Amino acid sequence: MSSDARPSPGQGGGWTRRRFVGVLAGAAAVTTVPAPTAPGTGTTAPAPSAPAPTASRSPAHRSRPGPRPLFLGTYTSVDGGGTGIGIASYDPTTGRVTGAGTVTGVGDPSYLALHPDRRTLYAVDERDDGGVTAVRLRAGGQKPSVLGTRSTGGAGPCHLSVHPSGRWLLSANYRSGSVAVHPIDASGALGERTDLVTHSSPAPGPGQQGPHAHQFITGPDGDHVLAVDLGTDTVYTYRLDRSKGTLSEVSQAHTRPGAGPRHLTFHPDGRHAYLANEVDDTVAVCGYDPATGRLTVGDPQSTGTGEGTSYPAQILVTANGAYAYLANRGHNSLTRYAVEADGGRLRLLDTVPVGGDFPRHIAFSPDERLLFAANQRSGTVSVFQVDAADGGLRLAGEPFASPVAVCALPL
């Protein structure tokens, strides 16, 4: 089973499977970021200035002097949770984080993604009546504004991403085991859903009662989109019709039974990917064929966290393809790998304490000098300096307090 179950909103305290471990002991440890309410709006306090669009998000892009925006995902329906999308800023040199307020009016915004033009933010509404919400970012310190919410057609959406064209939003409904597509208009707002596909086969893996779509991303070729399903131990590849926003399944890649795949990330070469398996505490190197969209899952490898499962959450790869990092929630650590054989091999280097409890999500700053870890149970965000020479991690000061921190998105 997944380790993220919690009480389901609107069901009188009934328990779902997704966030059970993650919520235990978490609510009491969090601290709310204080900010005065802005009268007559759904937003508290001005946000940091939204960055201007840029054509590059690689390490070659160096952050401008001064603080940079940081957006934080949370759960609003749990004790001690947040009140919306957290707004903060960070120093791109020191990593110091400062709170700035909250975008309210978004329920359980547990995962966030940015449009390629960097002007619109998207959030899942991880509830039984799942939704995706668009938030327009404003320059000059103006408050972000909610553009609207669309139904995902499923329950418990836990992940979303934007197609590189900027025209389509992809989302994964965990509790329904389905994936959805929404069009994005020129303003960044979302249109009505263009497709919804439920994973009906293969049968659920050991210990699972049904499909659990956990991630939905675009392949390096742009024509294929891949859905990682923890419940069926499968990564599904679909061809996306870029004019209609519809999906056609082209292949399935299966892990070993009971692996519980959760998160996939691609190597910069576009021909390899790395899969974090939550349930059996492994990672796997995968081959990818851009022409067909076919993924091939390799042998499981160690997370370096010892016996049992440490609930691996997310894996990142540097833009130069030299290092990979894995968040281990149960072990409260980050595993560092050297990427070898032109992307075809991971060599475990070490594990580093994350400085918090239950690291749910990790993300690089745009220049990859910093790595952010959102720690769900401790309600904190840890920031690490990343050594460009060897990929080593060094904690940059005390973690920042943020209610039930489950996503950190630095801009």
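The values are calculated or read from the model by the stated rules, or taken from the named source; none is laboratory data. Small disclaimer: the values here were computed from a predicted structure and weren't measured. As a convention, Cβ positions derive from the backbone with ideal geometry for all residues, glycine included, and neighbour counts pool all protein chains shown. For the accessible areas, the whole protein counts, side chains as well, though only heavy atoms, and no ligand, DNA or RNA atoms are used. Shrake-Rupley method; radii C 1.70, N 1.55, O 1.52, S 1.80 Å.
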Seminar exercise, completed: Checked region 268-297 for anything open to solvent by 40 Å² or more (accessible area, probe 1.4 Å) and over 22 Å from the mean Cα position of the chain (by Cα); matches are ASP289, ALA291, THR292, ARG294, THR296
Problem set entry | Qualifying positions in region 298-334 - open to solvent by 40 Å² or more (accessible area, probe 1.4 Å) and either assigned to a strand (DSSP E or B) or basic (Lys, Arg) (or both) | ASP299, PRO300, GLN301, SER302, TYR323
Seminar exercise, completed: The correct count of residues that are out of contact with any His (no Cβ under 8 Å at 6 or more places or on another chain), under 22 Å from VAL297 (Cα atoms) and open to solvent by less than 30 Å² (accessible area, probe 1.4 Å) in region 335-369 is 4
Exercise. Within region 46-58, is even one residue at pLDDT below 50, surrounded by fewer than 21 Cβ atoms within 10 Å (Cβ to Cβ), closer than 29 Å to HIS263 by Cα and within 19 Å of the chain's Cα centre (by Cα)?
Worked result: yes
Exercise. Any residue in region 205-214 that is buried (at least 23 other Cβ atoms within 10 Å of the Cβ) and either among the acidic types (Asp, Glu) or closer than 17 Å to GLY270 by Cα (or both)?
Worked result: no
Seminar exercise, completed: Residue count, region 337-364, condition part of a strand (DSSP E or B), over 18 Å from ALA396 (Cα atoms) and either of a type in the set (Phe, Trp, Tyr) or free of Cβ contacts under 8 Å to residues at least 12 places away in the same chain (or both), comes to 3
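Taking VAL250, is it touching a residue at least 40 places away in the same chain (Cβ under 8 Å), crowded, with 17+ Cβ neighbours inside 10 Å, β-branched (Val, Ile, Thr) and in contact with a strand residue (DSSP E or B) (Cβ under 8 Å, 6 or more places away or on another chain)?
Working: touching a residue at least 40 places away in the same chain (Cβ under 8 Å): yes; crowded, with 17+ Cβ neighbours inside 10 Å: no; β-branched (Val, Ile, Thr): yes; in contact with a strand residue (DSSP E or B) (Cβ under 8 Å, 6 or more places away or on another chain): yes.
No.
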Exercise. Would a scan of region 194-205 turn up a residue that is part of a loop (DSSP other than H, G, I, E, B) and among the acidic types (Asp, Glu)?
Worked result: no
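Just to be sure before I move on: is ARG394 basic (Lys, Arg), open to solvent by 10 Å² or more (accessible area, probe 1.4 Å) and assigned to a strand (DSSP E or B) in the structure I sent?
yes
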Exercise. Got at least one residue in region 169-185 being over 25 Å from ILE315 (Cβ atoms), hydroxyl-bearing (Ser, Thr, Tyr) and modelled with pLDDT of 95 or more?
Worked result: no
Exercise. With respect to THR37, is the statement that it is modelled with pLDDT of 85 or more, open to solvent by 20 Å² or more (accessible area, probe 1.4 Å) and under 29 Å from SER378 (Cα atoms) true?
Worked result: no
